[in-house]
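See below for the structure under consideration.
The values are calculated or read from the model by the stated rules, or taken from the named source; none is laboratory data. On a predicted model such as this, the values are computed, not experimentally measured, just so you know. Don't worry about glycine lacking a Cβ; one is built from the backbone with ideal geometry, like all the others, and counts go over all protein chains shown.
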Amino acid sequence: MNIILQIVLAFGSVGVLLALMAVVRILAGRARIGPEVQRKLVHVGTGLYALSLPWIFPDRWPVYMLIGVTLVAMIVLRIPRLSGSLGQTLHSVERRSYGDFLLAISVGLCFFLAEGVTLYYVLPIAVLTLADAAAALAGTAYGTRRFKVEDGHKSVEGTVVFFVVTLLVSLICLMFLSDLPPPNILALAIMVAAFGALVEAQSWRGFDNLFLPLGLLVFLSVHSQSSLSVLLGLAGLFIVSIVGFRIIGPRFGLTKHAARVYVVAVFMILAVVEVQNAILPGLVLLAHAWCSIRAPGKDSYGDLDVVAALALFSFGWLAVGNATGWNAVQFYGLTAMGLVMGLCTLALGRQLIWVPVIAAGLLAVRGVATSLNVTTTLWAEPLWLLASACLVVSAAAAIAVPHLFGRDRVLKLTFLSMILPVGYYAIAVMQQGGVRAASGAGL
């Protein structure tokens with residue numbers, strides 16, 4: 001397929017999306033379809049089309065161009081003067097949601113991170129498309145037992161429907177797109193369904209459109225070839241995490257919803273990285289809980305924001321590492337370490353004598369994790385100076401301008417914690433690329 005035709009198809013795909021929204025809007029006016037059903041109809045149509053992308057486009061770049069154009073269209077649709085009634089198809093629900101943006105981003109990231117493995121792309125997008133819509137519609141129509149999620153509610157009935165649909169989708173995808181033995185297929189399908197149901201039930205503001213497909217993709221990429229004993233061990237870990245946070249969550253001032261969200265975050269961290277690399281991200285959650293008790297911020301849902309931040313920079317570093325070919329797990333740890341330092345410094349307040357103690361402890365934890373990592377992850381080492389600088393920047397900002405972190409605390413500290421690692425990583429990758437090119441020329 002030539003370049004011109006692929007470009008035409010990419011822009012034509014956006015036109016199909018807008019046409020779908022227009023049709024749904026017209027039908028809604030005639031059949032009195034509610035806003036939530038309208039959104040889910042568009043959601044299903046978009047997801048089903050996204051499933052066909054690997055077969056429509058022989059090259060990858062048109063898909064990324066399509067995602068970019070779609071994001072621009074989503075921005076325009078949020079401007080009432082420009083979108084008119086068409087934008088109401090997505091944005092007429094009362095609750096605030098970023099689901100439309102996150103759906104487009106998730107499709108692009110899944111397409112990129114799957115690296116041509118059909119199972120890793122199709123299963124997460126199919127679950128997001130079918131199970132999420134079925135759960136929402138079932139919960140809206142038949143939900144009677146509801147539980148609070150941020151400033152809204154979800155239903156037990158919707159969660160059960162999500163589990164069942166996800167289980168069926170997973171079984172079908174694993175049977176047709178893998179050569180795994182039946183016991184492994186069943187174990188994987190149950191775990192995917194259980195994890196997916198928990199993520200969907202506890203997500204907020206449309207973040208399930210991001211957490212769900214990317215979480216499933218990463219989990220599958222790591223454990224699709226794991227032995228049955230390992231999968232059963234992970235299932236046990238999942239149950240222990242739920243029970244553990246149910247017990248200790250209230251002691252840290254966590255709401256029931258936040259405690260359940262922490263379970264999702266901790267299980268995902270432990271399921272996709274080595275234990276030593278999960279320590280610093282895990283400390284982010286503990287540091288935020290401590291900071292919320294000692295120095296409460298003004299954010300209404302700070303406990304949820306920290307999980308969102310953790311997920312975003314985790315997926316971000318994973319994508320960057322895959323894109324460049326240079327493992328980014330050490331820089332992922334540096335970002336988490338800087339975030340822990342900033343939160344702990346805010347929690348300490350005037351007791352600044354403990355700041356260097358915590359900094360030394362974090363450096364020690366990083367040292368242990370580094371010593372246990374394989375050689376391929378240590379290509380940029382030694383990073384002691386960079387690690388120390390990350391701690392100094394986060395602590396200094398929290399000491400100098402603590403009032404700056406009254407609102408959007410996690411967002412600001414996350415951005416601050418990423419500045420040095422991202423800059424150094426970019427420089428190191430360019431230098432390593434030059435060395436590799438020089439070596440190739442020498443051969």
Conditions first: (1) touching a Pro at 6+ places or on another chain (Cβ under 9 Å); (2) at pLDDT 90 or above. Residue 349 passes all but one, so which condition is the exception? (2)
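One line per residue, one yes/no per condition, for (1) surrounded by fewer than 23 Cβ atoms within 10 Å (Cβ to Cβ); (2) in contact with a Ser or Thr (Cβ under 7 Å, 6 or more places away or on another chain); (3) among the aromatic types (Phe, Trp, Tyr); (4) not assigned by TED's automatic domain parsing to the domain that holds residue 241:
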| residue | (1), (2), (3), (4) |
| --- | --- |
| 164 | yes, no, no, no |
| 176 | yes, no, yes, no |
| 179 | yes, no, no, no |
| 214 | no, yes, no, no |
| 218 | yes, no, no, no |
Is it the case that some residue within region 141-160 is modelled with pLDDT of 90 or more and either closer than 20 Å to residue 235 by Cβ or polar (S, T, N, Q) (or both)? no
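Let's see how each residue does on (1) modelled with pLDDT under 80; (2) outside the structural domain of residue 140 (by TED's automatic domain parsing); (3) under 16 Å from residue 125 (Cα atoms):
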site: 41; (1), (2), (3): yes, yes, yes
site: 46; (1), (2), (3): no, yes, yes
site: 51; (1), (2), (3): no, yes, yes
site: 59; (1), (2), (3): no, yes, no
site: 67; (1), (2), (3): no, yes, yes
site: 76; (1), (2), (3): yes, yes, no
site: 83; (1), (2), (3): yes, yes, no
site: 102; (1), (2), (3): yes, yes, yes
Got a sec? Which of 368, 374 is at pLDDT 90 or above and either more than 25 Å from residue 106 (Cβ to Cβ) or touching a helix residue (DSSP H, G or I) at 6+ places or on another chain (Cβ under 9 Å) (or both)? 368
Checking residue 380 against (1) crowded, with 16+ Cβ neighbours inside 10 Å; (2) closer than 30 Å to residue 300 by Cα, the condition it does not meet: (2)
Condition (residue is surrounded by 13 or more Cβ atoms within 10 Å (Cβ to Cβ) and touching a Gly at 6+ places or on another chain (Cβ under 7 Å)) applied to region 363-370: is it met by at least one residue? yes
Does region 337-380 hold any residues that are in a helix (DSSP H, G or I) and either free of Cβ contacts under 8 Å to residues at least 24 places away in the same chain or not assigned by TED's automatic domain parsing to the domain that holds residue 401 (or both), and which are they? 353, 354, 356, 357, 358, 360, 361, 364, 367, 371, 375
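Take residue 122 and decide whether it is outside any strand (DSSP E or B), farther than 30 Å from residue 60 by Cβ, aliphatic (A, V, I, L, M) and modelled with pLDDT of 75 or more. Reasoning before the result, please.
Details: outside any strand (DSSP E or B): yes; farther than 30 Å from residue 60 by Cβ: no; aliphatic (A, V, I, L, M): yes; modelled with pLDDT of 75 or more: yes.
Against the criterion (outside any strand (DSSP E or B), farther than 30 Å from residue 60 by Cβ, aliphatic (A, V, I, L, M) and modelled with pLDDT of 75 or more), residue 122 does not qualify.
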Determine, yes or no, whether residue 373 is within 21 Å of residue 282 (Cα to Cα) and within 20 Å of the chain's Cα centre (by Cα). no
Looking at (1) touching a Leu at 6+ places or on another chain (Cβ under 8 Å); (2) among the small types (Gly, Ala, Ser); (3) modelled with pLDDT of 80 or more, find the lone condition where residue 206 falls short. (3)
